[in-house]
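See below for the structure under consideration.
The values are calculated or read from the model by the stated rules, or taken from the named source; none is laboratory data. Model, not experiment: these values are computed from the prediction. Positions of Cβ are backbone-derived with ideal geometry, glycine not excepted, and every protein chain shown enters the neighbour counts.
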Amino acid sequence: EAKRAGGARHLVFESTMRERAAQRAGIEAELRQAIAEEQLFVVYQPVVGLLPDGGTDHSAGVEALVRWRHPQRGVVPPIEFITVAEECGLIGAVGDFVLERSCRDFMDWQARLGEAAPRLIAVNLSRAQLGQPGWIDSVRRILDLTGMPPSQLQLEVTESLAAQDQGIQQRLHELKALGIQLALDDFGTGYSSLSSLHLLPVDTVKIDRSFVSQADTSHHHRVLIEATVKVAQSLGMKTVAEGIETQSQADVVRAQCCAKGQGYFFSRPLPAGDLLAWLASHQEALA
Ligand code: C2E
Ligand code: MG
Ligand code: MG
Ligand code: MG
């Protein structure tokens, strides 16, 4: 009896595994097509400067975030396809597309908006990209092709991928040598620790939304944000608070001397054209 039940469970498990594998193979085939047919696109979320006097610098920067316009499913968020792209060897193509699109759009904003254009563009990297031989060459090629100044490009990595791996560390130093800025994304999640921050060649620490969302309600989270800002500052790094949704969260992180903020409170991620309009409207507000 028990054996039969166990057998049945096993069968259920197997069919779920098989379904999942089939589903994944389906996404993989569709993703190949998506790249070929240019169904991927990039949206940009403003990263604003939090000035000590209470002002906001709307031109501090943007973060590039990839989307997939699926012919049947509509717009698909990255959480549903980045891991698949990594596992099936498509992340190189996705990553190169995002980087080139981002650099082109950045240069276009410079030409159109001058002073009001974002001064920095942040692009997310995945571990699989950093591990690919020849990837640094494609970064160099994209910079040349687009005329993007490396000092205004920031590549974001997560700590889990950067922590102990010598090969990854080497790659990060090669990016620094090109003049590119590096940010540590989602700080505070996973195994991130303040004591290992100095091991990474990063310029900026991005404090994860899970802390920022409780900045105004939890003493514990406020203290952790404050400690992160202080340690980062003492190491010569800047901080960005991610996922600010309210005025009071913005006030708290500003009071803690966090230099920049990002979140729905300022703006959702926007298509390139809408970002232009957002920047233009905020420039008018200043004039
Ligand atoms: P991330 O790099 O931490 O990006 C921030 C995410 O938080 C974005 O989700 C953004 O839309 C969302 N967000 C921003 N402000 C708020 C807020 O106030 N409230 C809430 N609830 N969410 C906010 P998105 O675009 O879905 O991206 C999710 C993750 O996917 C990113 O997290 C990043 O790790 C990854 N990703 C996005 N684009 C790329 C890419 O081009 N390449 C790679 N390798 N990963 C990417
Ligand atoms: Mg990011
Ligand atoms: Mg990220
Ligand atoms: Mg993040």
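Return yes or no: is residue 276 in a helix (DSSP H, G or I), touching a Leu at 6+ places or on another chain (Cβ under 8 Å) and more than 16 Å from ligand 3 (Cβ to nearest atom)?
Taking the combined requirement at face value, the residue satisfies it.
Looking only at the range 189-199, which residues are within 15 Å of ligand 3 (Cβ to nearest atom) and at pLDDT 85 or above?
If the condition is that a residue be within 15 Å of ligand 3 (Cβ to nearest atom) and at pLDDT 85 or above, then 189 is the only one that fits.
When the range 171-189 is examined, which residues are found to be within 16 Å of ligand 1 (Cβ to nearest atom) and not hydrophobic (A, V, I, L, M, F, W, C)?
171, 181, 185, 186, 188, 189, listed by residue number.
Which is among the charged types (D, E, K, R) and within 16 Å of ligand 4 (Cβ to nearest atom), of 208, 216?
None of the others qualify; the one that does is 208.
Name, by its number, the condition in (1) more than 16 Å from residue 120 (Cβ to Cβ); (2) among the hydroxyl-bearing types (Ser, Thr, Tyr); (3) outside any helix (DSSP H, G or I); (4) touching a helix residue (DSSP H, G or I) at 6+ places or on another chain (Cβ under 7 Å) that does not hold for residue 264.
(4)
Given the structure, is residue 192 under 22 Å from residue 238 (Cβ atoms) and away from ligand 1 (no atom under 12 Å from the Cβ)?
So residue 192 fits the description; yes.
Would you be able to say whether some residue in the range 108-117 is surrounded by fewer than 19 Cβ atoms within 10 Å (Cβ to Cβ) and either more than 24 Å from residue 282 (Cβ to Cβ) or within 14 Å of ligand 2 (Cβ to nearest atom) (or both)?
no
Here is a check on your reading of the model: is residue 171 in contact (Cβ under 8 Å) with a residue 40 or more places away in the chain, among the basic types (Lys, Arg) and closer than 30 Å to residue 221 by Cα?
Here the answer is no, as residue 171 does not meet what is asked.
Could you tell me which of the residues 119, 127, 141 is within 15 Å of the chain's Cα centre (by Cα), more than 25 Å from residue 226 (Cα to Cα) and basic (Lys, Arg)?
When all the criteria are applied, what remains is 127.
Kindly check whether there is at least one residue in the range 235-253 that is away from ligand 3 (no atom under 16 Å from the Cβ), modelled with pLDDT under 95 and part of a helix (DSSP H, G or I).
The answer is no, given that none of the residues of the range 235-253 is away from ligand 3 (no atom under 16 Å from the Cβ), modelled with pLDDT under 95 and part of a helix (DSSP H, G or I).
For the range 203-225, give me each residue that is within 13 Å of ligand 3 (Cβ to nearest atom) and in a loop (DSSP other than H, G, I, E, B).
208
Do the conditions hold for residue 72, that is, is it away from ligand 2 (no atom under 16 Å from the Cβ), closer than 21 Å to residue 143 by Cβ, free of Cβ contacts under 8 Å to residues at least 12 places away in the same chain and not small (Gly, Ala, Ser)?
Criteria not met by residue 72.
Give me the residue from the range 168-180 that is surrounded by fewer than 20 Cβ atoms within 10 Å (Cβ to Cβ) and not charged (D, E, K, R) and, out of that set, nearest to ligand 3 (Cβ to nearest atom).
For the range 168-180, the residue satisfying everything is 168.
Sort out which residues of the range 204-213 are within 13 Å of residue 188 (Cα to Cα) and either out of contact with any Gly (no Cβ under 7 Å at 6 or more places or on another chain) or crowded, with 17+ Cβ neighbours inside 10 Å (or both), and write them in order of number.
If the condition is that a residue be within 13 Å of residue 188 (Cα to Cα) and either out of contact with any Gly (no Cβ under 7 Å at 6 or more places or on another chain) or crowded, with 17+ Cβ neighbours inside 10 Å (or both), then 205, 206, 207, 208, 209, 211, 212, 213 are the ones that fit.
Against the condition modelled with pLDDT of 90 or more, within 20 Å of the chain's Cα centre (by Cα), buried (at least 16 other Cβ atoms within 10 Å of the Cβ) and on the phi > 0 side of the Ramachandran plot, how does residue 186 come out, does it pass?
Yes; evaluated as a whole, the condition is true for this residue.
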